[in-house]
Amino acid sequence: MMHAILARRPGGPEVLEFSEVDRPVPGPGQLLVKVAAAGVNFIDTYQRGGIYKVPFPFTPGSEASGTVVELGDGTGGFSVGSRVATAEGSHCYAGYTVFDADKALPVPDGVDDLTAAALPLQGMTAHYLINSSFRVEPGHTVLTHAGAGGVGLLLIQLLKARGARVITTVSTHGKEALARAAGADEVLGYDGFADAVRGLTGGTGVDVVYDGVGKDTFDDSLSSLRTRGTLVLFGAASGPVPLFDPQRLNSGGSLSITRPTIRHFLLNAQERRWRSTEIFRAAADGSLNVRIGASYPLAEAARAHTDLEGRLTTGKVLLVP
Ligand code: NDP
């Protein structure tokens with residue numbers, strides 16, 4: 001037996017029950033992993049709430065780090081005791097979980113277990129956003145929202161390392177300080193940010209907006225772009241964006257919009273290795289600071305969700321079994 005979080009139906013954070021369940025058994029191509037820490041991500045809240053459909057009863061969590069304790073058939077390359085992490089797991093809010101071996105990332109020396117749980121999903125997201133959704137080049141001006149969030153703090157650092165000028169939005173002074181420490185050139189509140197961005201860019205607008213906030217920022221994000229700029233809408237922390245008229249892209253200056261999701265940017269072993277190696281290397285050599293803003297005991301998963309959805313967290317949120 002083991003402890004795990006179980007939601008018996010979709011709903012608010014209160015549906016997340018600390019339960020005792022059977023330990024999973026690794027099938028062919030799978031590793032049984034003793035979880036060191038599970039990453040909490042916004043997608044977990046969409047799944048818990050029923051916005052993204054999942055089968056119930058449901059144990060959330062697609063991200064974790066830990067140690068391999070049992071090998072399924074055909075998992076050469078790993079051994080009992082290997083340190084691994086994943087951004088593409090399932091049922092990670094638990095004492096043990098199974099990883100598909102082809103989606104398990106070896107954790108390098110120099111990356112501790114908590115950092116290894118904090119980095120895969122948000123780190124590889126920041127990586128694909130700036131390399132593949134829109135290729136940021138030195139000299140680009142970028143607007144990214146929620147600059148003190150999990151993705152936000154990583155994105156700011158990767159953008160600065162690329163040589164971009166970074167404008168970000170945050171909701172509090174404490175978050176402003178974190179965004180500045182990560183390297184943001186300009187930090188704005190959300191009210192009237194499109195006008196402020198115009199002011200900061202001599203009326204031109206930015207090359208690209210990375211928007212994980214969604215409903216509340218979408219329209220002003222489009223208004224912040226330069227002619228032929230790109231909106232990368234990658235999340236909906238404030239709620240899903242309503243239907244919009246594509247003509248808005250024309251009147252805004254022949255704008256482009258894309259709505260990416262991480263699994264389409266981890267299409268094969270080579271892509272997974274490229275992204276994970278670069279972000280783990282940056283964490284190990286200290287060029288990427290991974291802020292773990294909060295670490296909760298597994299039993300307090302409901303509080304972790306409440307705080308994440310209530311904008312009370314910064315950086316990464318972890319659950320520790
Ligand atoms: P964050 O740590 O960034 O938390 C969300 C932040 O959004 C909050 O802290 C808050 O920052 C801001 N926010 C603005 N309005 C609201 C609101 N109404 N309710 C809640 N938060 C709000 O979360 P993550 O880093 O985990 O994720 C950020 C976004 O990226 C999410 O939308 C997520 O779904 C998305 N994502 C998308 C992926 C993809 O592949 N498409 C992969 C990973 C994440 P502030 O208070 O400063 O405004």
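The values are calculated or read from the model by the stated rules, or taken from the named source; none is laboratory data. Since the structure is predicted, the reported quantities are computational estimates derived from the model, not experimental observations. Backbone-built Cβ (ideal geometry, glycine too); neighbour counts: all protein chains shown. The area values use the complete protein model at the heavy-atom level, side chains included, leaving out ligands, DNA and RNA. Shrake-Rupley method; radii C 1.70, N 1.55, O 1.52, S 1.80 Å.
Cβ-Cβ contacts under 8 Å between residues 6 or more apart (or on different chains), taken from a first residue in the range 254-270 that is under 13 Å from residue 133 (Cα atoms) to a second residue that is acidic (Asp, Glu), are listed as 263/88; 265/271; 266/88.
Considering each of 77, 110, 89 in turn, give the residue that is open to solvent by 60 Å² or more (accessible area, probe 1.4 Å) and under 16 Å from residue 272 (Cβ atoms). Testing whether each residue is open to solvent by 60 Å² or more (accessible area, probe 1.4 Å) and under 16 Å from residue 272 (Cβ atoms) leaves just 77. Residues that are closer than 29 Å to residue 52 by Cα and either more than 23 Å from the chain's Cα centre (by Cα) or open to solvent by 40 Å² or more (accessible area, probe 1.4 Å) (or both) within the range 192-223 comprise 215, 216, 219, 220, 223, listed in sequence order. Can you say whether residue 114 is more than 29 Å from residue 309 (Cβ to Cβ) and outside any loop (DSSP other than H, G, I, E, B), as far as the supplied structure shows? So residue 114 does not fit the description; no. Answer yes or no as to whether residue 148 is closer than 28 Å to residue 295 by Cα, touching a residue at least 24 places away in the same chain (Cβ under 8 Å) and buried (at least 24 other Cβ atoms within 10 Å of the Cβ). Taking the combined requirement at face value, the residue satisfies it.
For (1) crowded, with 20+ Cβ neighbours inside 10 Å; (2) over 16 Å from the mean Cα position of the chain (by Cα); (3) modelled with pLDDT of 95 or more; (4) not in a loop (DSSP other than H, G, I, E, B), each residue gets a yes or a no:
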position	(1), (2), (3), (4)
18	no, yes, yes, yes
33	yes, yes, yes, yes
39	yes, no, yes, yes
48	yes, yes, yes, yes
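Test residue 308 against the stated conditions and say whether it is touching a residue at least 12 places away in the same chain (Cβ under 8 Å), within 11 Å of the ligand (Cβ to nearest atom) and buried (at least 21 other Cβ atoms within 10 Å of the Cβ). Spelling it out, residue 308 is indeed touching a residue at least 12 places away in the same chain (Cβ under 8 Å), within 11 Å of the ligand (Cβ to nearest atom) and buried (at least 21 other Cβ atoms within 10 Å of the Cβ). Could you say which residue among 163, 152 is within 8 Å of the ligand (Cβ to nearest atom) and not aliphatic (A, V, I, L, M)? So the residue among 163, 152 that is within 8 Å of the ligand (Cβ to nearest atom) and not aliphatic (A, V, I, L, M) is 152. Can you confirm whether the range 276-288 contains a residue that is in contact with a strand residue (DSSP E or B) (Cβ under 7 Å, 6 or more places away or on another chain) and either open to solvent by 80 Å² or more (accessible area, probe 1.4 Å) or in a loop (DSSP other than H, G, I, E, B) (or both)? Scanning the range 276-288 turns up no residue that is in contact with a strand residue (DSSP E or B) (Cβ under 7 Å, 6 or more places away or on another chain) and either open to solvent by 80 Å² or more (accessible area, probe 1.4 Å) or in a loop (DSSP other than H, G, I, E, B) (or both). For the range 259-270, the set of residues classified as outside any loop (DSSP other than H, G, I, E, B) and either within 10 Å of the ligand (Cβ to nearest atom) or surrounded by 16 or more Cβ atoms within 10 Å (Cβ to Cβ) (or both) consists of 262, 263, 264, 265, listed by residue number.
Only residues that are under 25 Å from residue 77 (Cα atoms) and in a helix (DSSP H, G or I) were counted across the range 117-150, and they come to 6. Would you check which residues across the range 1-15 are touching a strand residue (DSSP E or B) at 6+ places or on another chain (Cβ under 7 Å) and either closer than 13 Å to residue 305 by Cα or hydroxyl-bearing (Ser, Thr, Tyr) (or both) and list them? 5, 7, 15, listed by residue number.
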